[in-house]
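Enquirer: My questions all concern the structure below.
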């Protein structure tokens, strides 16, 4: 028995409400179109992508030395550097820092890494209250849901639902669903939070080996509000977030927001190099499977990801199945190639949640071969024995049929006979091919039969 | 073995053969009038842009635009008659929560995205441009560069504890993709392009 439903089952539930699926689909496509417009304003966009891709290849091939260089420079800047082998160690490190300072309440800006590590649950079990300060993250936190998108955490929610949540938790008037009013209510509520929390946790977009500084990009300014007001700032990053030199930001910052939302750049791109006078700045470098992925030749390129979400916005499967159907912290095409590395059995369904159309690879700002990797993961998963049993049995039956001409002809005949004489035998819910499809009209004869009748005779 | 050592050992073991770092190409900038480009992009992301001769003109615009501002903080001695111009280094940043308007110098601006570069050399307190309700940044016209590449050429190996690009007012579109200005940071950004 599986612990969670697989992508297909979760997508089916999401698809029950068709107008809502259409709305979700159109909203994300709108963002994809904004990305296209923004990309087209840059004359040599493709050269920019290629350059970013090559820098990332260099990073992966030299990660050991860059990590050492970054650590040395960050320490020289006064940053306290920690290393975490896995999610559990990451959570423990963060909790120990908070304990040392006697902190029971923390404000957090967006960090997909802490979602991956389930930090909020861990801290809450240890008596620490965490408030997410990104508006979208706060909304899903109030709804007790995980984010459904790495850049747009509550893209699956209607404004009326957000209005209800805010009415319940923040005291906005019942039925109020105006985004302007709701955002203002969140601004007031979170300003109070920023002003009263002594510890702030943030993610990291880029960490620069050459200077030991790190960069955080937000539109709301929530990372800065948290970090510059708190006594203790904890920044958490995956080890793959390193870039070699400061000047390389000139490449990545041109790509990130244009690919993510179609903005020319995020409102704030903040470079943290040294702690504020008299305050502590901690940085946690997390592996959690990344060094293993680095060793998988076919999949290591997934570590080039800069978390823009463009592959999700363009994916026909993501748009019509929703982020939650991927049951992983990072959803969509990129999530589907990262998740099997973390737990192949649990995430065996994800590489199959794709049409392999390749649109993800085409929009990726760092040129990750996402759809090729999806295809390769399928092969690994089948070989390792984690494939869906129904699919495996079907494939085995097909292999037998194709291997023997007699079986093949017999199966074809039987199939055509059934479709013609007892169509309900195939046109029913038991047959997955019949779902949302009409079965094709059965041909009178197979090509083999036709050939025997028409050509073979003439040639004789 | 510590986690640090085991992570580093695993990375060394698993990283592919060395791939050289590419040269950053000279990207196409195209725009002949960077001020024009800067202005149009900055306006498109929600900034207000004013071309001014001197700080006196900045003052006049601010008095008109932000007539309701009660607490004004600036880093310009020339603006001493409209607000505070000194924040003591040991000040608790929380005490800036009631700042209505902050007026700060920016080192440079970027035409392609309307972003302005500010470091703690310009900032009396790191939190100031975020915690204020309204923000004004003043940048010399000659310091507008076409692309981010040129911006980082200028920044070079600059020493700072904190530096940030600010592009427009704080914003969010998290609720059904409806753009709302004034999320957690400044509700508006006025940019003064100084002659």
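The values are calculated or read from the model by the stated rules, or taken from the named source; none is laboratory data. This structure is a prediction, so every number in the text was calculated from the model and none was measured. Counting neighbours? That spans all protein chains shown, and the Cβs are built from the backbone with ideal geometry, glycine included.
Enquirer: Please work out if residue A:291 is within 23 Å of residue A:380 (Cα to Cα) and at the interface with chain B (Cβ under 7 Å from one of its Cβ atoms).
Expert: Details: within 23 Å of residue A:380 (Cα to Cα): yes; at the interface with chain B (Cβ under 7 Å from one of its Cβ atoms): yes.
Yes.
Enquirer: Sort through A:168, A:160, A:145 and tell me the only one that's within 11 Å of another protein chain (Cβ to nearest Cβ) and either outside any loop (DSSP other than H, G, I, E, B) or touching a helix residue (DSSP H, G or I) at 6+ places or on another chain (Cβ under 8 Å) (or both). First the steps, then the outcome.
Expert: Values: A:168 fails: within 11 Å of another protein chain (Cβ to nearest Cβ); A:145 fails: within 11 Å of another protein chain (Cβ to nearest Cβ).
Within the list A:168, A:160, A:145, the selection yields A:160.
Enquirer: Looking only at residues that are within 11 Å of chain A (Cβ to nearest Cβ) and modelled with pLDDT under 95 in the range B:26-59, which one is farthest from residue A:295 (Cα to Cα)?
Expert: B:31
Enquirer: Given the condition within 11 Å of chain B (Cβ to nearest Cβ), at pLDDT below 95, in a helix (DSSP H, G or I) and touching a helix residue (DSSP H, G or I) at 6+ places or on another chain (Cβ under 8 Å), answer yes or no: does some residue in the range A:195-204 qualify?
Expert: There is at least one residue in the range A:195-204 that is within 11 Å of chain B (Cβ to nearest Cβ), at pLDDT below 95, in a helix (DSSP H, G or I) and touching a helix residue (DSSP H, G or I) at 6+ places or on another chain (Cβ under 8 Å).
Enquirer: Search the range B:121-135 for residues being more than 9 Å from chain A (Cβ to nearest Cβ) and touching a residue at least 40 places away in the same chain (Cβ under 8 Å), and hand back the single one that is surrounded by the fewest Cβ atoms within 10 Å (Cβ to Cβ). Even if it seems obvious, please write down each step before you answer.
Expert: The initial filter retains those residues of the range B:121-135 that are more than 9 Å from chain A (Cβ to nearest Cβ), namely B:121-124, B:132-135.
Next cut, touching a residue at least 40 places away in the same chain (Cβ under 8 Å) only: B:122-124, B:132-135.
Details: B:122: 18, B:123: 22, B:124: 20, B:132: 25, B:133: 20, B:134: 22, B:135: 28.
Per the stated criteria, the residue is B:122.
Enquirer: Restricted to the range A:313-327, and to residues that are away from chain B (no Cβ under 14 Å) and closer than 16 Å to residue A:361 by Cβ, which residue is surrounded by the most Cβ atoms within 10 Å (Cβ to Cβ)?
Expert: A:318
Enquirer: Ok, one more. Among the residues that make up the range A:129-142, is at least one of them away from every other protein chain (no Cβ under 11 Å) and over 23 Å from the mean Cα position of the chain (by Cα)? Even if it seems obvious, please write down each step before you answer.
Expert: Of the range A:129-142, the ones away from every other protein chain (no Cβ under 11 Å) are A:129-132, A:141-142.
Narrowing further to those that are over 23 Å from the mean Cα position of the chain (by Cα): A:129.
Checking the range A:129-142: at least one residue is away from every other protein chain (no Cβ under 11 Å) and over 23 Å from the mean Cα position of the chain (by Cα).
This table checks each residue for (1) without any contact (Cβ under 8 Å) to a residue 60 or more places away in the chain; (2) out of contact with any strand residue (DSSP E or B) (no Cβ under 8 Å at 6 or more places or on another chain).
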residue	(1), (2)
A:281	no, no
A:307	no, yes
A:321	no, yes
A:324	no, yes
A:336	yes, yes
A:340	yes, yes
A:345	yes, yes
A:355	yes, yes
A:363	no, yes
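Enquirer: Any idea how many residues of the range A:284-296 are in contact (Cβ under 8 Å) with a residue 60 or more places away in the chain and surrounded by fewer than 24 Cβ atoms within 10 Å (Cβ to Cβ)?
Expert: Step one: list which residues in the range A:284-296 are in contact (Cβ under 8 Å) with a residue 60 or more places away in the chain, which gives A:284-289, A:294.
In the following step, the residues that additionally are surrounded by fewer than 24 Cβ atoms within 10 Å (Cβ to Cβ) were identified as A:288-289.
Number satisfying all stated conditions: 2.
Enquirer: If you don't mind, another one. Within the group A:252, A:214, A:299, which residue is more than 7 Å from every other protein chain (Cβ to nearest Cβ) and surrounded by fewer than 23 Cβ atoms within 10 Å (Cβ to Cβ)? If you could, list the steps in order and put the result at the bottom.
Expert: Working: A:252 fails: surrounded by fewer than 23 Cβ atoms within 10 Å (Cβ to Cβ); A:214 fails: surrounded by fewer than 23 Cβ atoms within 10 Å (Cβ to Cβ).
On inspection, the qualifying residue turns out to be A:299.
Enquirer: For the range B:136-171, give me each residue that is closer than 22 Å to residue B:27 by Cα, at the interface with another protein chain (Cβ under 7 Å from one of its Cβ atoms) and outside any helix (DSSP H, G or I).
Expert: If the condition is that a residue be closer than 22 Å to residue B:27 by Cα, at the interface with another protein chain (Cβ under 7 Å from one of its Cβ atoms) and outside any helix (DSSP H, G or I), then B:165, B:167 are the ones that fit.
Enquirer: Looking at (1) crowded, with 17+ Cβ neighbours inside 10 Å; (2) free of Cβ contacts under 8 Å to residues at least 40 places away in the same chain; (3) not in a loop (DSSP other than H, G, I, E, B), can you tell me which one residue B:82 breaks?
Expert: Here residue B:82 clears every test but (3).
Enquirer: Can you tell me how many residues within the range A:183-201 are farther than 22 Å from residue B:181 by Cα and surrounded by 20 or more Cβ atoms within 10 Å (Cβ to Cβ)? Working first, answer last.
Expert: Here is the first cut: in the range A:183-201, the ones farther than 22 Å from residue B:181 by Cα are A:196-201.
Remaining after also requiring surrounded by 20 or more Cβ atoms within 10 Å (Cβ to Cβ): A:197, A:199-201.
Matching residues across the range A:183-201 total 4.
Enquirer: Oh, and also: Do we find that residue B:69 is part of a loop (DSSP other than H, G, I, E, B) and either without any contact (Cβ under 8 Å) to a residue 12 or more places away in the chain or more than 7 Å from chain A (Cβ to nearest Cβ) (or both) in this structure?
Expert: Values: part of a loop (DSSP other than H, G, I, E, B): yes; either without any contact (Cβ under 8 Å) to a residue 12 or more places away in the chain or more than 7 Å from chain A (Cβ to nearest Cβ) (or both): yes.
Here the answer is yes, as residue B:69 does meet what is asked.
Enquirer: Turning to a different aspect of this structure: Which is more than 9 Å from chain B (Cβ to nearest Cβ), at pLDDT 95 or above and in contact with a strand residue (DSSP E or B) (Cβ under 7 Å, 6 or more places away or on another chain), of A:59, A:81, A:94? Give the derivation first.
Expert: Details: A:59 fails: more than 9 Å from chain B (Cβ to nearest Cβ); A:81 fails: more than 9 Å from chain B (Cβ to nearest Cβ).
Just a single option satisfies the conditions, and that option is A:94.
Enquirer: Being within 31 Å of the chain's Cα centre (by Cα) and in a loop (DSSP other than H, G, I, E, B) is the filter; apply it to the range A:432-450 and report the residue that is surrounded by the most Cβ atoms within 10 Å (Cβ to Cβ). Step through it out loud before you land on a result.
Expert: Looking only at the range A:432-450, we keep the residues that are within 31 Å of the chain's Cα centre (by Cα), and these are A:432-437.
Imposing the further condition that a residue be in a loop (DSSP other than H, G, I, E, B) reduces the set to A:435-437.
Details: A:435: 8, A:436: 6, A:437: 10.
Residue satisfying both the conditions and the ranking: A:437.
Enquirer: Would you mention how many residues in the range B:172-192 are more than 7 Å from every other protein chain (Cβ to nearest Cβ) and not in a strand (DSSP E or B)?
Expert: If we filter the range B:172-192 for residues that are more than 7 Å from every other protein chain (Cβ to nearest Cβ), which is where we start, we get B:173, B:179, B:181, B:186-192.
Subset that is not in a strand (DSSP E or B): B:173, B:179, B:186-187.
Residues flagged as more than 7 Å from every other protein chain (Cβ to nearest Cβ) and not in a strand (DSSP E or B) within the range B:172-192 amount to 4.
Enquirer: Identify, by number, the condition in (1) over 30 Å from residue B:179 (Cβ atoms); (2) out of contact with any helix residue (DSSP H, G or I) (no Cβ under 6 Å at 6 or more places or on another chain) that residue B:14 doesn't meet.
Expert: Condition (2) is where residue B:14 drops out.
Enquirer: Return the residues of the range B:154-176 that are out of contact with any strand residue (DSSP E or B) (no Cβ under 8 Å at 6 or more places or on another chain), surrounded by fewer than 22 Cβ atoms within 10 Å (Cβ to Cβ) and farther than 22 Å from residue A:228 by Cβ; say none if nothing qualifies.
Expert: Those that are out of contact with any strand residue (DSSP E or B) (no Cβ under 8 Å at 6 or more places or on another chain), surrounded by fewer than 22 Cβ atoms within 10 Å (Cβ to Cβ) and farther than 22 Å from residue A:228 by Cβ: B:156, B:157, B:176.
Enquirer: Taking the criterion of being more than 9 Å from every other protein chain (Cβ to nearest Cβ) and either under 30 Å from residue A:279 (Cβ atoms) or assigned to a helix (DSSP H, G or I) (or both), would at least one residue in the range A:173-180 satisfy it?
Expert: Within the range A:173-180, not a single residue is more than 9 Å from every other protein chain (Cβ to nearest Cβ) and either under 30 Å from residue A:279 (Cβ atoms) or assigned to a helix (DSSP H, G or I) (or both).
Enquirer: For the range A:376-416, give me each residue that is touching a residue at least 12 places away in the same chain (Cβ under 8 Å) and farther than 30 Å from residue A:349 by Cβ.
Expert: Those that are touching a residue at least 12 places away in the same chain (Cβ under 8 Å) and farther than 30 Å from residue A:349 by Cβ: A:409, A:412, A:413, A:416.
Enquirer: Might you check whether a residue that is more than 20 Å from residue A:50 (Cα to Cα), touching a strand residue (DSSP E or B) at 6+ places or on another chain (Cβ under 8 Å) and surrounded by fewer than 22 Cβ atoms within 10 Å (Cβ to Cβ) occurs anywhere in the range A:255-269?
Expert: The answer is no, given that none of the residues of the range A:255-269 is more than 20 Å from residue A:50 (Cα to Cα), touching a strand residue (DSSP E or B) at 6+ places or on another chain (Cβ under 8 Å) and surrounded by fewer than 22 Cβ atoms within 10 Å (Cβ to Cβ).
Enquirer: Would you check if residue A:424 is more than 40 Å from the chain's Cα centre (by Cα), surrounded by fewer than 10 Cβ atoms within 10 Å (Cβ to Cβ) and under 30 Å from residue A:11 (Cα atoms)? If you could, list the steps in order and put the result at the bottom.
Expert: On the way: more than 40 Å from the chain's Cα centre (by Cα): yes; surrounded by fewer than 10 Cβ atoms within 10 Å (Cβ to Cβ): yes; under 30 Å from residue A:11 (Cα atoms): yes.
Yes.
Enquirer: So which residues in the range A:220-237 are in contact with a helix residue (DSSP H, G or I) (Cβ under 8 Å, 6 or more places away or on another chain) and within 11 Å of another protein chain (Cβ to nearest Cβ), if there are any at all?
Expert: Within the range A:220-237, A:220, A:221, A:222, A:224, A:225, A:226, A:228, A:229, A:233 meet the criteria.
Enquirer: Taking the stated definitions as given, is residue A:132 free of Cβ contacts under 8 Å to residues at least 12 places away in the same chain and within 17 Å of residue A:200 (Cα to Cα)? Steps first, please.
Expert: On the way: free of Cβ contacts under 8 Å to residues at least 12 places away in the same chain: no; within 17 Å of residue A:200 (Cα to Cα): yes.
Considered against the rule, which asks whether it is free of Cβ contacts under 8 Å to residues at least 12 places away in the same chain and within 17 Å of residue A:200 (Cα to Cα), residue A:132 comes out as no.
Enquirer: Continuing with this model, one more query. Could you pull out the residue among B:23, B:36 that is under 30 Å from residue B:145 (Cβ atoms) and in a helix (DSSP H, G or I)? Before you say what the answer is, go through the steps one by one.
Expert: Details: B:23 fails: in a helix (DSSP H, G or I).
That would be B:36, the only listed residue that is under 30 Å from residue B:145 (Cβ atoms) and in a helix (DSSP H, G or I).
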